[in-house]
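Report on one structure; see the data block that follows.
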Amino acid sequence: MSSLITYVDVILPLALPQDYTYAVSIDLAPFVKIGQRIIVQFGKNRYYSAIIKRIHHQKPSVDAKLIEGIADEEPIVTETQLKFWSWMSRYYMCTEGEVMNAALPSGLKLSSETKIRYNENYEGTFDNLSDEEFLIVQALRAQQELRVPDVQALLKKKHVYPLLKTLFNLGIAISSEEIVERFKPRTEAYVKLNDLYKNEAKLESLFEELSRAPKQVELLLAFTQLHHKNKFIRKNELLKLSGASAAVLSALVKRNVFTEFKLVASRLGNFQTEEVETPELSAEQHTAVAEIKCSFEKQKVVLLQGITGSGKTNIYMELIKEAIAENKQVLYMLPEIALTAQIINRLHKVFGNLVGVYHSKFNQNERVEIWNKVLNGQYKIVIAARSGLFLPYQNLDLIVVDEEHDGSLKQVDPAPRYQARDASIMLANYFGAKVILGSATPSVESAYNAETGKYAITRLDKRYGGLDLPEVIVANVRDEMKRKRMQGSFSTFLVDEISETLQRKEQVILFINRRGFANYQICKTCNHVYKCKNCDVSLTYHKFSHQLKCHYCGYFENAQNKCKSCGAIDLDIVGSGTQKIEDELADLFPTARVGRLDYDATKTKHGHAEIISRFENREIDILVGTQMVSKGLDFDHVTLVGVINADQLIFHPGFRSFERAFQLLIQVAGRAGRRSKKGRVVIQTADPTHPVIQNVIHNNYKAMYERELLTRRQFLYPPFARVIEVQLRHKEVQRVEKAALFLANELRKKEQGKVLGPATPFVSRINNLFIRDVLIKSTTQTKDLNGMKSALQHIVDEMKAIPELKGVWIHVNVDP
């Protein structure tokens, strides 16, 4: 009989090292499917929604608990996604539960620890609720907040999830995640005619009754006019067409002529396709498209290396059109949300409602809606940051990874610490899809893969329309300081260039890779620097809030007027951030309109789009920003770009620092002169002869690439080695040092690659946890990487059994 019992292996949204098996009751067995959410008990009193990974009849070695219920009629996760999750957990050394947690929107995860509250914005009735659902609503209105166990106790039953799902779907109840997002369900008011007046004779009689109320007659006439086109009539549309007020409509509702009701509307908006002229491809672009198509016949990955302004987006659009014509899906992945605004507008005009957008600024309910539209094939094109990889595609045909070199494509915390560029290639492999990696300055690894034949490569060496690259000029701030000619953070040369640009009614972009007002506050008397109490870093001064903030843990305190160490009032703020540059510009150019594009200025969902739109519409003359201004943005009237402090980028810890600095400087320089007028770029540096600066001046990617290859081959870094970074954290410095030393020594005994460390990182304490790093390097052979992972996992498991080491947090970062 045991063979007839149905069992399911499930993935729970927890960092568990193994799958768990549950039994399915006979009445539910016919309905379970791979990829469905089911409700399971895990632990004594906790319940979670788990994903079914496998269905079988093999009795487990221990007694399996019964599942509590099925949350969905159909799977919400595809089998391809489950394969992708499994690969990601193996490659990036994390659990499938951690991948599930990253992949699923919170709206699709429900646990017994979820808090449920009554939605005060709900305006509907409770007429269609069951007795049990109505009882939950009464309890919520009385107690304001309930947990799942509270609901179970109230109803004296375990199976409460279908009831809660109904309340969530109707917008009557909201979960704690939605409260954080301040979610308000978006509804639209509609009007319908009482069924009595569907009879023409009755309707004519009604018009006669209303003859002394001309406004009501006009409103009724407007309704009949609209009713021929639509089944449901929007209230706003009806009032606008009739010219009547809401009071007139209310009078007709009281007379039972009309009924008002509300329908839930999509939070994502509707877009219609427009007849727009897409830019005609140049001869070089036509050649590039033909080359890419030819390459796809042999290889699935093509590196498109095109200089800034060469029109890579036009090529993407051409290839996307072909995929859509075959009714396939496309993922267009960008490293920054800021980049999406312009791309969204272009794609919406051409493809309308086939385009979906997915990123962290959407609240959890909007993410669920996007998830479902991708799952049912309604969205054919998805524009997304790295999290777009996890959506439930049905027939993915093309993945475009724009700015493939960008560091933002790498997830740092929490696990899975994946590189979206590399993971996209694996995802495409499951679908047999094609991948385009686009960049003006490809990562060294991608360029090397193209050079060795692993990827195909297509190049665009000319700007679209025959435009010239901007002229790059260096301002030597060391000389300016000696001559005392600096005006705050600005050299005299850059000030003059900005002034001339503004006189020509053209726009300026200024780049500084630090937000806030100043790096830190210091006492000139005793040299005391204000530091974070939780982290080993100085606090950054933010002028507008007059606070000192930690950009690592979020700690802040009010800026001081006197030193808390010696009591002196001689305090100074040192360094520059976006806010300080904005402040200095107000003094230097009082009539100029200055905008700022950084994390602090774009915390709202549409913050990026609003600032970019204002700049496009020439409501801003000078745009100051961090990395957000450097990538992919296309403005007609920007002819000057200024880099405030290039040395800050170059002299940064890490083996990628020179590569990253070159890429960032080339990218930000590429924002200038993208139309008929030639652009100029002013780079402020104390070392104009530095190789990176010289490579940027001459736009010499090849020289940078060859120098990096030489260095990395010599010191065994990617692409000539595979690297795993292990970070250990604990609140006691002695314990973390002991654990790091044990890990490094055990790894050396295993003889799996070269082990560096333990070492103290640049920031050695974050959130009161002391940090030590161990680096493992091997040759590029996959078997060596697998050997490294196996040895590392064995040692980590061993450490968990040692009392003085098991409390240490261990974070593994593959391909850091």
Residues of the range 335-364 being assigned to a loop (DSSP other than H, G, I, E, B) and either modelled with pLDDT of 80 or more or not acidic (Asp, Glu) (or both), in sequence order, are Pro335, His359, Ser360, Lys361, Phe362, Asn363
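Condition check ((1) touching a residue at least 12 places away in the same chain (Cβ under 8 Å); (2) in contact with a strand residue (DSSP E or B) (Cβ under 6 Å, 6 or more places away or on another chain); (3) of a type outside the set (Phe, Trp, Tyr); (4) more than 16 Å from Leu427 (Cα to Cα)) across all residues:
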| residue | (1), (2), (3), (4) |
| --- | --- |
| Lys59 | yes, no, yes, yes |
| Lys65 | yes, yes, yes, yes |
| Glu74 | yes, no, yes, yes |
| Gln81 | yes, no, yes, no |
| Trp85 | yes, no, no, no |
| Ser89 | yes, no, yes, no |
| Thr95 | yes, no, yes, yes |
| Val99 | yes, no, yes, no |
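Residue-wise test of (1) in a strand (DSSP E or B); (2) β-branched (Val, Ile, Thr); (3) open to solvent by 20 Å² or more (accessible area, probe 1.4 Å).
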position: Arg54; (1), (2), (3): yes, no, yes
position: Gln81; (1), (2), (3): no, no, no
position: Met93; (1), (2), (3): no, no, yes
position: Met100; (1), (2), (3): no, no, no
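Checking the condition touching a Leu at 6+ places or on another chain (Cβ under 6 Å) and of a type in the set (A, V, I, L, M), which residue from Val400, Val382, Val412, Val435 passes? Please lay out each step first, then the result.
Numbers: Val400 fails: touching a Leu at 6+ places or on another chain (Cβ under 6 Å); Val412 fails: touching a Leu at 6+ places or on another chain (Cβ under 6 Å); Val435 fails: touching a Leu at 6+ places or on another chain (Cβ under 6 Å).
Result: Val382 is the single residue among Val400, Val382, Val412, Val435 that is touching a Leu at 6+ places or on another chain (Cβ under 6 Å) and of a type in the set (A, V, I, L, M).
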When every residue in the range 127-142 that is open to solvent by 40 Å² or more (accessible area, probe 1.4 Å) and outside any helix (DSSP H, G or I) is compared, the one farthest from Ile70 (Cα to Cα) is Asp127
With the first residue restricted to the range 128-153 and required to be in contact (Cβ under 8 Å) with a residue 24 or more places away in the chain and within 13 Å of Tyr118 (Cβ to Cβ), and the second required to be aliphatic (A, V, I, L, M) and in a loop (DSSP other than H, G, I, E, B), Cβ contacts under 7 Å at 6 or more apart or on different chains are Val137/Leu129; Val137/Ile172; Val151/Val160
Going through the range 41-66 in order, the residues found to be more than 21 Å from Leu4 (Cβ to Cβ) and more than 30 Å from the chain's Cα centre (by Cα) are Gln41, Phe42, Gly43, Lys44, Asn45, Arg46
Reported set for the range 320-337 where residues are open to solvent by 10 Å² or more (accessible area, probe 1.4 Å) and within 27 Å of Ser360 (Cβ to Cβ) is Ile324, Lys328, Pro335, Glu336, Ile337
Going through the range 365-404 in order, the residues found to be in contact with a helix residue (DSSP H, G or I) (Cβ under 8 Å, 6 or more places away or on another chain), among the β-branched types (Val, Ile, Thr) and at pLDDT below 90 are Val368
Scanning the range 191-238 for residues that are more than 17 Å from Ser250 (Cα to Cα) and aliphatic (A, V, I, L, M), the one modelled with the lowest pLDDT turns out to be Leu226
Note on the range 395-442: residues among the small types (Gly, Ala, Ser) and either in contact with a strand residue (DSSP E or B) (Cβ under 7 Å, 6 or more places away or on another chain) or buried (at least 20 other Cβ atoms within 10 Å of the Cβ) (or both) are Ala415, Ala420, Ala423, Ser424, Ala428, Ala433, Gly438, Ser439, Ala440
Those residues of the range 463-496 which are over 23 Å from Leu585 (Cβ atoms) and buried (at least 19 other Cβ atoms within 10 Å of the Cβ) amount to Arg463, Tyr464, Leu469
Those residues of the range 344-369 which are over 22 Å from Glu326 (Cα atoms) and under 16 Å from the mean Cα position of the chain (by Cα) amount to Tyr358, His359, Ser360, Lys361, Phe362, Asn363, Gln364, Asn365, Glu366, Arg367, Val368
Only one of Pro17, Pro13 is loosely packed, with under 12 Cβ neighbours inside 10 Å and in contact (Cβ under 8 Å) with a residue 60 or more places away in the chain, namely Pro17
Screening Arg386, Arg417 for residues that are among the basic types (Lys, Arg) and farther than 29 Å from Thr308 by Cβ leaves only Arg417
If we keep only residues of the range 602-659 that are within 20 Å of Ile473 (Cβ to Cβ) and polar (S, T, N, Q), then the residue modelled with the lowest pLDDT is Ser630
Of the candidates Ala246, Ala265, Ala251, the one satisfying the condition of being open to solvent by less than 70 Å² (accessible area, probe 1.4 Å), closer than 23 Å to Asn121 by Cβ and modelled with pLDDT of 85 or more is Ala246
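Each row is one residue, and each column tells you yes or no for (1) modelled with pLDDT under 90; (2) in contact with a Phe, Trp or Tyr (Cβ under 9 Å, 6 or more places away or on another chain); (3) assigned to a strand (DSSP E or B).
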site	(1), (2), (3)
Val276	yes, no, no
Glu280	yes, no, no
Cys294	no, no, no
Lys298	no, no, no
Gly309	yes, yes, no
Thr313	yes, no, no
Glu318	no, no, no
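For the range 107-126, indicate whether the set of residues that are free of Cβ contacts under 8 Å to residues at least 24 places away in the same chain and either of a type in the set (Val, Ile, Thr) or open to solvent by 10 Å² or more (accessible area, probe 1.4 Å) (or both) is non-empty. Spell out the reasoning first.
Step one: list which residues in the range 107-126 are free of Cβ contacts under 8 Å to residues at least 24 places away in the same chain, which gives 120, 125.
Checking the rest, the ones that are also either of a type in the set (Val, Ile, Thr) or open to solvent by 10 Å² or more (accessible area, probe 1.4 Å) (or both) come to 120, 125.
For the range 107-126, residues free of Cβ contacts under 8 Å to residues at least 24 places away in the same chain and either of a type in the set (Val, Ile, Thr) or open to solvent by 10 Å² or more (accessible area, probe 1.4 Å) (or both): present.
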Within the range 405-422, residues being touching a helix residue (DSSP H, G or I) at 6+ places or on another chain (Cβ under 9 Å) and within 24 Å of Trp809 (Cβ to Cβ) number 8
Exactly one of Ser61, Ser25 is open to solvent by 60 Å² or more (accessible area, probe 1.4 Å) and hydroxyl-bearing (Ser, Thr, Tyr), and that residue is Ser61
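When you look at Gly69, is it more than 30 Å from Asn429 (Cα to Cα) and open to solvent by less than 20 Å² (accessible area, probe 1.4 Å), yes or no?
Considered against the rule, which asks whether it is more than 30 Å from Asn429 (Cα to Cα) and open to solvent by less than 20 Å² (accessible area, probe 1.4 Å), Gly69 comes out as yes.
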Of the residues in the range 550-572, those that are surrounded by 20 or more Cβ atoms within 10 Å (Cβ to Cβ) and under 24 Å from Ser764 (Cα atoms) number 1
Per the list (1) closer than 30 Å to Pro442 by Cβ; (2) touching a helix residue (DSSP H, G or I) at 6+ places or on another chain (Cβ under 6 Å); (3) open to solvent by 80 Å² or more (accessible area, probe 1.4 Å), residue check on Lys806 breaks on (1)
Taking first residues from the range 416-433 that are within 14 Å of Pro392 (Cα to Cα) and second residues anywhere that are part of a helix (DSSP H, G or I), the pairs with Cβ under 7 Å that are 6 or more apart or on different chains are Ser424/Leu389; Leu427/Phe84; Leu427/Leu389; Tyr430/Thr80; Tyr430/Lys83; Tyr430/Phe84; Phe431/Thr80
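The values are calculated or read from the model by the stated rules, or taken from the named source; none is laboratory data. Bear in mind the structure is a predicted one, so any value in this text is a computation, not a measurement. All Cβ positions, even for glycine, are placed from backbone atoms using ideal geometry, and neighbour counts span all protein chains on display. The accessibility values were calculated without ligands, DNA or RNA, using every heavy atom of the protein model including side chains. Shrake-Rupley method; radii C 1.70, N 1.55, O 1.52, S 1.80 Å.
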